[in-house]
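In what follows, a structure is listed as structure tokens, so that the remarks can point back to it.
The values are calculated or read from the model by the stated rules, or taken from the named source; none is laboratory data. Computed from a prediction, not measured in an experiment: that's the story for all the values here. With ideal geometry, Cβ positions are generated from the backbone for all residues, glycine too; neighbour counts draw on all protein chains shown. When the accessible area is computed, the model is the full protein with side chains, heavy atoms only, and any ligands, DNA or RNA have been set aside. Shrake-Rupley method; radii C 1.70, N 1.55, O 1.52, S 1.80 Å.
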Amino acid sequence: MRILIIGGNGFIGRRLVAALAGHDVTLFSRGDAPAGVDLIRGDRQDLPQARARLAALAPEIAIDTGAQNAATAALAAHALDGVVPRVIVLSSVSVYARYGRFLKTEPGDCARTAILETDALRSRLFVYRDRPDLQANLGRSWLADYDKIPAEAVYRQMRESAVTILRLPMVYGADDPDARVQTYSQQMGPDVAWLPVWKQVARWRNARGHVDNVTDAIRVCALNRAPGEKLRVFNIADMPGLTEFEWIKMIAAATDWPGQLRLVADGTPGPRAPVSDFAPHADYACNLHMSTGLFRRQTGWHQPIKTEAALALSLDAAATELRQCRN
């Protein structure tokens, strides 16, 4: 299959390129391409001028790994519409109204049930613009203009190409730029006897996915030639959707941490937020885990790496270092 990947050099993109080995893959990227992969070098701003070249390439499917807002999505969508018969765009759990309620930027009641693809989206856009501290601390000024809802809206308007939107979870694994697993593992040192966890946080269910599982789901979606609707939307995540307490217990087991987890009253000083980019006042009564049944039924996908094994892979180097320190 001839596959065009817009991006392909990031946390997910690098693994996606490797997962599609054996197919005719071309990257449109300002970075380099691995051996055996063709490259059209260019920035996203160059996509409209590359439309004729992309048409000559005649890819059977394109995967956009980096549409962050309406403007960046439009650059790709306008270049691809009618040139590529099928397009996959990577989106996020953050589009859902539940995510806004979790951040307390969205009205409405929270829920503990799994999020479905048909659930409402946020009404308020660009929820990170009020977090200059986050932008500064993480060195991500682009967060001010980050919102997948308008990006999805642009792709929904494509007239001549079929579009699949994949809403991804919070992705973890080796080289995770957000260090989602290390947020906890780094607290589990040899001199730490117990780790406090807020009771409400302990019950909270997040949407998570190991990078290799997420990559495999994108691969399966791309190679699935079954006829589908003009627009399809799927949730992608590891199953089951663990509570935060179950998640921390698995991290402790993966690192052979001898300490104990202790539930403490909400608001007790000491515990760190589960994910560093969440506001301290987030409402942990709002579960963010997603239902993935629709994707599994329509594509036949099965999660290749179970959570215990995925955590072991993610923490292998850190776990080895911790064991050496303890011994």
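This table checks each residue for (1) free of Cβ contacts under 8 Å to residues at least 60 places away in the same chain; (2) open to solvent by less than 60 Å² (accessible area, probe 1.4 Å); (3) on the phi < 0 side of the Ramachandran plot.
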position: Gly13; (1), (2), (3): yes, yes, yes
position: Ala19; (1), (2), (3): no, yes, yes
position: Gly22; (1), (2), (3): yes, no, no
position: Arg30; (1), (2), (3): yes, no, yes
position: Ala35; (1), (2), (3): yes, no, yes
position: Asp43; (1), (2), (3): yes, yes, yes
position: Arg51; (1), (2), (3): yes, no, yes
position: Leu57; (1), (2), (3): yes, yes, yes
position: Glu60; (1), (2), (3): yes, yes, yes
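Could you please let me know if Thr243 is touching a residue at least 40 places away in the same chain (Cβ under 8 Å) and out of contact with any strand residue (DSSP E or B) (no Cβ under 8 Å at 6 or more places or on another chain)? The answer is no for Thr243.
Just to be sure, is Val211 open to solvent by less than 30 Å² (accessible area, probe 1.4 Å), touching a strand residue (DSSP E or B) at 6+ places or on another chain (Cβ under 8 Å) and touching a residue at least 40 places away in the same chain (Cβ under 8 Å)? Yes; evaluated as a whole, the condition is true for this residue. If you check Arg272, Arg232, Arg180, Arg203 for being touching a residue at least 24 places away in the same chain (Cβ under 8 Å), basic (Lys, Arg) and in contact with a Pro (Cβ under 9 Å, 6 or more places away or on another chain), only one passes: Arg180. Scanning the stretch 73-112 for residues that are in contact with a Ser or Thr (Cβ under 7 Å, 6 or more places away or on another chain), of a type outside the set (D, E, K, R) and either open to solvent by 10 Å² or more (accessible area, probe 1.4 Å) or in a strand (DSSP E or B) (or both) returns Gly82, Val84, Pro85, Val87, Ile88, Leu90. Just name the residue that is nearest to Ile61 (Cα to Cα) out of those in the stretch 1-43 that are part of a strand (DSSP E or B) and basic (Lys, Arg). Out of the qualifying residues, it is Arg2. When the stretch 266-315 is limited to residues that are surrounded by 13 or more Cβ atoms within 10 Å (Cβ to Cβ) and charged (D, E, K, R), the one that is modelled with the lowest pLDDT turns out to be Asp277.
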